[in-house]
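The values are calculated or read from the model by the stated rules, or taken from the named source; none is laboratory data. Fair warning: this is a prediction, and the values are worked out from it, not measured in the lab. Methodologically, a virtual Cβ is constructed for each residue, glycine included, from the backbone with ideal geometry; neighbour enumeration extends over all protein chains shown.
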Amino acid sequence: MTGATLRHTAWILRGNPLTAIAAAGVVLLILIAVFGPQIVPFDPIASNVSQALMPPSAAHLAGTDQLGRDTFSRLIVATRLDLVIAVSAVGISFVLGAVIGAFCGYSGGRLDRTVGRFVDVMMAFPLFVLAMAMVAALGNRVENIVIATAVINLPFYIRFARAEVNIRRNLGWVEAARASGESHISVVLRFLLPNVLPAMAVQMSLNLGWAILNAAGLSFIGLGVKPPTPEWGIMVAEGARFISTGRWWLVAFPGLALMLAVLCFNLLGDGMRDILDPRMRT
Amino acid sequence: MTQPLLRIEDLHVTFSTRRGLVEAVRGVTLSLDEGEMLGLVGESGSGKSVTGFATTRLLDAAGRVTAGRILFRGQDITKIPDDDFRMLHGAAISMIFQNPRAALNPIRAIGQQIADAIQCHKRMSKQQAARETLELLRAVQIRDPERRMAAYPHELSGGMCQRVMIAIAISCAPRLLIADEPTTGLDVTTQKVVMDLLARIAAERGMATILITHDLGLAARYCRRVVVMERGLLVEEAAPRALFCNPRHVYTKRLVAASPTATSRIEDLVTDEERSQYLAMLAACKPRPAPAPGTPLLLDVKNLAKRYDQGSPAVADFSMTMAAGESVGLVGESGSGKTTTSRMICRLIDPSEGAILFDGQSIGHLAARDFHRSPVRKEIQLVFQDPNDSLNPRFTAFDCIAHPLLRLAGMRSGDALRQRVEECAQRVGLPAELLPRFPHQLSGGQKARVGIARAIACRPRLLVLDEPTAALDVSVQAVVLQLLDRLRREDNLAFLFVSHDLNVVRMMCDHTIVLRNGCIVEQGESRAVFDNPKTAYTRELVEAVPHIETGLAAARI
């Protein structure tokens, strides 16, 4: 991070306050994920049946659930798990997808055609059903949720990287790198990939929100994290049973947390592109 | 005295950018009579296109006319509401753009696109519009117009597309046509055909035309009056002959000097005081040492061919030789195979047949994929066509120049590398303070210098230059050509100079090879090839170049 980069980032944020708010939101989420378990007022797992299904109050900011657990504490503690699932899933699909896609886009030919058809087949499946099937087959553990989410995201990254590399592969600086003694492989990894990164960062950021929803969705239908672990999706699923009896807080607060997290990542995406692209600097 | 068709009075156009307001046009006054063809000449950033766009009201959202008037038949068109202006578009004022492929809709047949333009302004049935379209296609001399009406832009050549653009532009009989670099990017022979056509149509229909171009020779050949713009100001207005024989403004003098003609030498491209410096430098250079007997040729190419899957070969039976320090020009139109040939010699692509000997050593059999490991890699370097896309956007100028040193010369980061990069930058005239900049923070000329510094960093013996100045303004081109010539003499470099600009090749190269459809048409000493072309094709190429002299000859008629 040089001074110029910081100044540039500051300039982007000033011109685009929404990005600044989103960035602040993401930073807050990360802080909560790291320090959450230390700062919560109640144990998120210990049940206290005498306090069951209490509406929001000064003691229980977001009320309590059917076992008398503090919803607010559970929300805070769940942040870490949800973020870890989303970030690792997106990270895996980004790294694999970018590399595979970049080689396809650069080399064209048989590799490109084979991978391209494979991607087409994957995209023809309803992705959530695919994820469900994978988790059901592999067993519902956190690693498997991550793997399933990563796999269903992979086609998008492959296609994206392929297209971005493809339009650049005949540019002068790519040939210049070859003339300067780079092999095809290093041209792809050290020259083309860094150049498509800004565009992919946008995709990643949008995808993080989507991955959080996906993990929550899997938990919601009972294929994700198992209770009593606090997780936003499970909390919505468990709370849904009580919504008809007017206990709105069990669904509303985890839903709100999900929505805000997804929104922050989506809004950050556009700003990230401007910050990462050196051409946007004066 | 009659009223002029178009009168621009003290026009100011301002763009709002990140760095505040930028005045692109700062008080331009000019007028144009009915049926006149006016040349508007200037380099990039001179405001010539902005003036044209302001007249047709096609400025982008960031641009605004801040002062002045544009009177078209006495009516100030900067004040007409947008809806009324749309009626003027096409019907009274029309425009031809630089890149015809980009200006045509790729998914509509060209006949439909012309008919659209007609029906936009005239009420008529489909059949009538189709009949008029056919007429127009005939007027722009498209052969077999009935069949071509159903063709899509990608099925036509660049020259054909530009004819279609002209047909659209004249479809509603405008009184004023603004042609913004109408032939830039077309081959010389196509350029001549398209410009002749445009001039004839304008004359026949009494249409006034503003020809916006960076090419003085082109403006001189076709216009009676030329206006020169520099940095938003109009610096000189004169008849072409006066402009070239007796330029008054400093900038015009520089521009006229920098435009290569059939007789100019490299030292002629600058004004007098710079020329003496250059000549002193030449005198200081030692003459090229005669090669010791028995040394192999630097480059010996035998029967090179490149075939792709289908169709005729891209290059067939290409043979040439080059001695150390010699410069050879490779000319031809687009599709002639000159780029393919140069890439094979650089060993970036594999030839299908033939041998390449470098310094007596066969390099043609090494796969291009593995050539980066060959010790010969650093002996053959490239300078690319467009400086804008030849530098990695994420590398600073320093990184760009250092890259081959790190990879090929085995240098490590540190003071030695820094010194070497700075030395290279200094040799190409790039100030050291520009080294930490990214490519987009450099001008076109500076980027070209970085590209050249990168190519010479490892002290190669053969430099392949692929249209090294095609994307540069003439004044920058002049400086870059001199720089290249100096470097060649200093390092005894051999040049393979790929270009479509015959005047540049004539100046830079001892020998010239003319390519057409992948075959050598003619080769020999440059002077002989250009002054006494043996084949009809070479003669056609040479004649199509808009020299300033021929421009004057035409103007005299």
| said: Would you confirm, using the coordinates I've provided, whether B:Leu59 is in contact with a Phe, Trp or Tyr (Cβ under 7 Å, 6 or more places away or on another chain) and either part of a strand (DSSP E or B) or not assigned by TED's automatic domain parsing to the domain that holds B:Val476 (or both)? | reply: yes
Scanning region B:472-510 for residues that are in contact with a Gly (Cβ under 6 Å, 6 or more places away or on another chain), at pLDDT below 90 and either among the hydrophobic types (A, V, I, L, M, F, W, C) or in a helix (DSSP H, G or I) (or both) gives B:Leu472, B:Val476
Selection from region B:1-60 of residues more than 14 Å from chain A (Cβ to nearest Cβ) and polar (S, T, N, Q) yields B:Thr2, B:Gln3, B:Thr14, B:Thr29, B:Ser31, B:Ser44, B:Ser46, B:Ser49, B:Thr51, B:Thr55, B:Thr56
Residues in region A:178-199 that are in a helix (DSSP H, G or I) and facing another protein chain (nearest Cβ under 7 Å) total 6
Just a yes or no: is a residue in region B:123-133 in contact (Cβ under 8 Å) with a residue 40 or more places away in the chain, assigned to a loop (DSSP other than H, G, I, E, B) and surrounded by fewer than 20 Cβ atoms within 10 Å (Cβ to Cβ)? no
When (1) of a type in the set (Val, Ile, Thr); (2) within 14 Å of chain B (Cβ to nearest Cβ); (3) surrounded by fewer than 21 Cβ atoms within 10 Å (Cβ to Cβ) are applied to A:Ile221, the one that fails is (2)
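Residue-by-condition table, conditions (1) touching a strand residue (DSSP E or B) at 6+ places or on another chain (Cβ under 9 Å); (2) surrounded by fewer than 22 Cβ atoms within 10 Å (Cβ to Cβ):
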| position | (1), (2) |
| --- | --- |
| B:Arg138 | no, yes |
| B:Gly159 | no, yes |
| B:Arg163 | no, no |
| B:Cys172 | yes, yes |
| B:Leu177 | yes, no |
| B:Thr190 | no, yes |
Being modelled with pLDDT under 90, within 13 Å of chain A (Cβ to nearest Cβ) and crowded, with 17+ Cβ neighbours inside 10 Å narrows B:Arg343, B:Arg394, B:Arg373, B:Arg369 down to just B:Arg394
Practice prompt. Please indicate, with yes or no, whether at least one residue in region B:243-263 is at pLDDT below 75 and surrounded by 15 or more Cβ atoms within 10 Å (Cβ to Cβ).
Written response: yes
Those residues of region B:238-280 which are assigned to a helix (DSSP H, G or I), of a type in the set (S, T, N, Q) and under 19 Å from B:Gly217 (Cβ atoms) amount to B:Thr252
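Every residue, every condition in (1) more than 23 Å from A:Leu260 (Cβ to Cβ); (2) among the β-branched types (Val, Ile, Thr); (3) loosely packed, with under 15 Cβ neighbours inside 10 Å, yes or no:
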residue: A:Ile39; (1), (2), (3): no, yes, yes
residue: A:Asn48; (1), (2), (3): yes, no, yes
residue: A:Pro56; (1), (2), (3): no, no, no
residue: A:Ala62; (1), (2), (3): no, no, no
residue: A:Leu67; (1), (2), (3): yes, no, no
residue: A:Asp70; (1), (2), (3): no, no, no
residue: A:Val90; (1), (2), (3): no, yes, no
In the set A:Ala10, A:Ala22, the lone residue that is free of Cβ contacts under 8 Å to residues at least 60 places away in the same chain and assigned to a helix (DSSP H, G or I) is A:Ala10
Quick check: is even one residue across region A:52-68 in a helix (DSSP H, G or I) and either in contact (Cβ under 8 Å) with a residue 60 or more places away in the chain or among the aromatic types (Phe, Trp, Tyr) (or both)? no
Those residues of region B:379-391 which are touching a helix residue (DSSP H, G or I) at 6+ places or on another chain (Cβ under 6 Å) and more than 7 Å from chain A (Cβ to nearest Cβ) amount to B:Val383, B:Pro387
In region A:81-127, anything closer than 30 Å to A:Gly233 by Cα, assigned to a helix (DSSP H, G or I), at pLDDT below 90 and not hydrophobic (A, V, I, L, M, F, W, C) is listed as A:Asp82
If we ask which residues in region B:1-28 are more than 28 Å from the chain's Cα centre (by Cα) and either assigned to a loop (DSSP other than H, G, I, E, B) or among the hydroxyl-bearing types (Ser, Thr, Tyr) (or both), their number turns out to be 8
Quiz item: Just to be sure, is B:Thr209 of a type in the set (S, T, N, Q) and farther than 18 Å from B:Ala544 by Cβ?
Solution: yes
Note: among B:Gly354, B:Gly364, B:Gly444, B:Gly410, just one is more than 9 Å from chain A (Cβ to nearest Cβ), among the small types (Gly, Ala, Ser) and free of Cβ contacts under 8 Å to residues at least 24 places away in the same chain, namely B:Gly410
Screening B:Ala238, B:Ala202, B:Ala242, B:Ala219 for residues that are closer than 19 Å to B:Phe97 by Cβ and more than 24 Å from the chain's Cα centre (by Cα) leaves only B:Ala202
Residue check: is A:Val135 in contact (Cβ under 8 Å) with a residue 24 or more places away in the chain and farther than 30 Å from B:Pro404 by Cα?
yes
Here the residues within region A:127-181 that are of a type in the set (A, V, I, L, M) and in contact with a His (Cβ under 9 Å, 6 or more places away or on another chain) are A:Ala176, A:Ala177, A:Ala179
Scanning region A:265-275 for residues that are of a type in the set (A, V, I, L, M, F, W, C) and under 16 Å from A:Asn214 (Cα atoms) gives A:Phe265
